[in-house]
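Participant: Please find one structure pasted underneath; my questions will follow.
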Amino acid sequence: QVLLVESGGGLVQPGGSLRLSCAASGFLFSIFTVGWYRQHPGQQRELVATITSGGMTNYVESVKGRFTISRDNAKKTVYLQMSSLKPEDTAVYYCNAQFRTTYLWGQGTQVTVSS
């Protein structure tokens, strides 16, 4: 069964940190570009960060310098380390895996940044 399962979301104060994890199963994780997207209430899902099979990373401008994406192919897991969190980072965060025309999504995890 093909699955992407996110974990690590929660409530954090502004300036705090969280690490999201996404565990994959049921497909050849190492060849996929994997990444994180987020969706604010009432808005479209947006790209946060991606990492290719070769380790190249890409970030949306608003998170550069604060978020770091990484992957562990042996564990079939992708991570998003989030630091210096802001209230505007509040969203549901989704894990994504892409290879050619195949797009896979996790169920999402809520991140809330609030004092």
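The values are calculated or read from the model by the stated rules, or taken from the named source; none is laboratory data. Every value quoted in this text rests on a predicted model; they were computed, and no experiment measured them. Reconstructed Cβ throughout: ideal geometry from the backbone, glycine too, with neighbour counts over all protein chains shown. These area figures cover heavy atoms from the full protein model, side chains too; ligands, DNA and RNA do not enter into them. Shrake-Rupley method; radii C 1.70, N 1.55, O 1.52, S 1.80 Å.
Participant: Out of all the residues in the range 100-109, which are open to solvent by less than 100 Å² (accessible area, probe 1.4 Å) and either modelled with pLDDT of 95 or more or in contact with a Gly (Cβ under 7 Å, 6 or more places away or on another chain) (or both)? Reasoning before the result, please.
Facilitator: Here is the first cut: in the range 100-109, the ones open to solvent by less than 100 Å² (accessible area, probe 1.4 Å) are 102, 104, 106, 108-109.
Leu104, Gly106, Gly108, Thr109, listed by residue number.
Participant: Would you mind stating whether Leu85 is assigned to a loop (DSSP other than H, G, I, E, B), open to solvent by less than 60 Å² (accessible area, probe 1.4 Å), more than 16 Å from Ser7 (Cα to Cα) and of a type outside the set (Phe, Trp, Tyr)?
Facilitator: Judged against the criteria, Leu85 is a match.
Participant: Which residues, counting only those in the range 4-13, are surrounded by 14 or more Cβ atoms within 10 Å (Cβ to Cβ), touching a Leu at 6+ places or on another chain (Cβ under 9 Å) and not polar (S, T, N, Q)?
Facilitator: Answer for the range 4-13, where residues must be surrounded by 14 or more Cβ atoms within 10 Å (Cβ to Cβ), touching a Leu at 6+ places or on another chain (Cβ under 9 Å) and not polar (S, T, N, Q): Leu4, Glu6, Gly8, Gly9, Val12.
Participant: For residues in the range 29-63 being outside any helix (DSSP H, G or I) and among the charged types (D, E, K, R), which is surrounded by the most Cβ atoms within 10 Å (Cβ to Cβ)?
Facilitator: If we take residues in the range 29-63 being outside any helix (DSSP H, G or I) and among the charged types (D, E, K, R), then Arg38 is surrounded by the most Cβ atoms within 10 Å (Cβ to Cβ).
Participant: Further question on the same structure: Report, ordered by the first and then the second residue, all pairs with beta carbons closer than 8 Å, sequence separation of six or more or different chains, a first member in the range 75-87 that is on the phi > 0 side of the Ramachandran plot, and a second member that is of a type in the set (Lys, Arg) and assigned to a loop (DSSP other than H, G, I, E, B).
Facilitator: Ser84/Arg66
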